Amino acid sequence: MTLITRDIPIRVRYNETDQMGIVHHSNYIFYYEVARTELMRSLGTSYKEMEERGALLVIRDVHSHFIAPAHYDEILNVRVTVNEMPTVKMTFDFEIFNEDGALIHTGQVVLACVDKATRRPKRVPEWFVALLR
C-alpha cells in the first residue's frame, strides 16, 4: 500500500559524473536526500522543523540497485515513495528514471528517529505521521 509518492526532477551536474560523463555511484545517495527533503516540503514541513521540534532522522540502512547509467546534463525523475506508516523507523523507496522514462535505478533508505536531546530512539512524531495520513 502506497501512502505517499512524489516525483522530483534533478538535473545531473558535471561534478557528479566521472571521466566518461556517467553519474558516479556515490551521488545516488545525494539524489535520495534531495527527494526526501522535497517530499517533506510537499507535506508542509521540513527536516529543519522536525529537528527544531526535537526529532532527528538518522540513516540506518541504504540500498542501491544500478540498472543503467545516468549521464551528464540529463534531467532525472526521482520518484520517492513511503509505503508504510513510520514507527521508530521510516522507510523511503526510490525509483530513478532517465529522460526517456526508462527505469535506471532503484534504492531504499531506512531512517531511525532519535530524540534530539538524548540521542535515544523514539517514535516518529505523531504530528508528522498525521501529515502522511
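Rule-based calculations on the coordinates, nothing more; no lab input. Note that the coordinates shown come from a computational prediction; the quantities given were computed from them, not determined experimentally. Here Cβ is always computed from backbone atoms with ideal geometry, including for glycine, and neighbour counts include all displayed protein chains.
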Virtual spin-label span in nm between Ile59 and Thr91, 7 Å along Cα→Cβ: 1.9
Under the 0.36 nm per residue contour assumption, what length would be gained going from the current alpha-carbon distance of Tyr14 and Val110 to full extension? 31.7 nm
Which far-off residues, 5 or more places away or on another chain, put their amide H under 5 Å from the one on Leu3, with H placed in the peptide plane? Val82, Asn83, Glu84
How tilted is helix 27-42 with respect to the longest principal axis of the chain? Cα atoms for both, answer in degrees (0 to 90, nearest 10). 50
Could you work out the relative contact order of the range 4-132, using alpha carbon pairs under 8 angstrom and six or more residues apart, expressed as a whole percent? 29
Residue-by-residue Karplus 3J(HN,Hα) for the range 113-130, coefficients 6.51, -1.76, 1.60, Hz, glycine and proline x: 8, 10, 5, 4, 7, 9, 6, 9, x, 8, 5, 4, x, 4, 4, 6, 4, 4
Would you calculate the separation in nanometres between label points at Phe66 and Leu103, each defined as 7 Å from the Cα along the Cα-to-beta-carbon direction? 1.9
Estimated inter-spin distance, Val34 and Ala117, nm [label 7 Å along Cα→Cβ]: 3.7
